[in-house]
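Each remark here refers to the structure printed beneath this line.
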Amino acid sequence: MKALKTILFCFGCLLAFLLAATASCVLRAKYSSIPALRTRFAYMYADNLAHYSFLQYSQAGSEQGRAALLQYLNFLQRIRNEHIQYSARTLHTDFVLTYLHLYRLESTAGDSAVADGYMKDAQREWSALGWKNEDASIEAFKKLNQSLQTSEAHFSGESDPQAPAALDKANKARANR
């Protein structure tokens with residue numbers, strides 16, 4: 001009987017140790033490892049998606065560019081909603097640039113109401129950065145948009161900053177043949 005009590009006691013101690021170890025691993029994973037992995041994956045995926053959406057925006061037609069930019073916006077919003085540990089400054093800056101690209105697409109397409117909505121969203125994100133000395137007026141954003149457009153045209157080797165619209169017209173002409 002004494003041997004049975006000793007075996008049960010050892011089994012109980014082993015069970016308690018295993019439960020404590022399991023709880024410790026679960027808590028460490030939940031509050032340390034998993035958020036770190038989510039952050040790392042968010043940065044990698046956001047970077048890849050940013051490059052993809054910019055290439056679609058600058059090289060493909062306006063519909064493909066719009067779809068890629070909206071996909072990128074949805075991912076940025078997901079980062080914000082899921083409280084992934086992501087630099088707030090980077091997140092706001094990525095929102096601003098994406099909204100400005102969408103503003104440019106909608107302005108080129110002639111949809112001024114939607115374009116104005118994107119411009120207001122860009123201003124809101126810019127204001128959220130907390131820079132007191134920076135001008136967030138529509139005129140300042142239009143200047144920023146123009147300089148961004150010029151630098152992107154130079155970066156991509158295009159002389160015409162309205163290339164996505166010209167590409168759409170060329171694609172439509174080819175489709176009509």
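Bear in mind that the values in this text are calculations on the coordinates, not laboratory data. What you are looking at is a predicted structure, and each value in this text was computed from that prediction instead of being measured. Here the Cβ is made from the backbone with ideal geometry for all residues, glycine too, and neighbour counts use every protein chain on show.
Values computed for the structure shown
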| quantity | calculated |
| --- | --- |
| Highest-first arrangement of 96-108, 53-65, 78-90, where packing means the average Cβ count within 10 Å | 96-108, 53-65, 78-90 |
| Coordinate range along principal axes, alpha carbons of the stretch 75-117, Å, largest first | 38, 16, 12 |
| By average C-beta atoms within 10 angstrom, highest first, the peptides 4-10, 35-41 | 35-41, 4-10 |
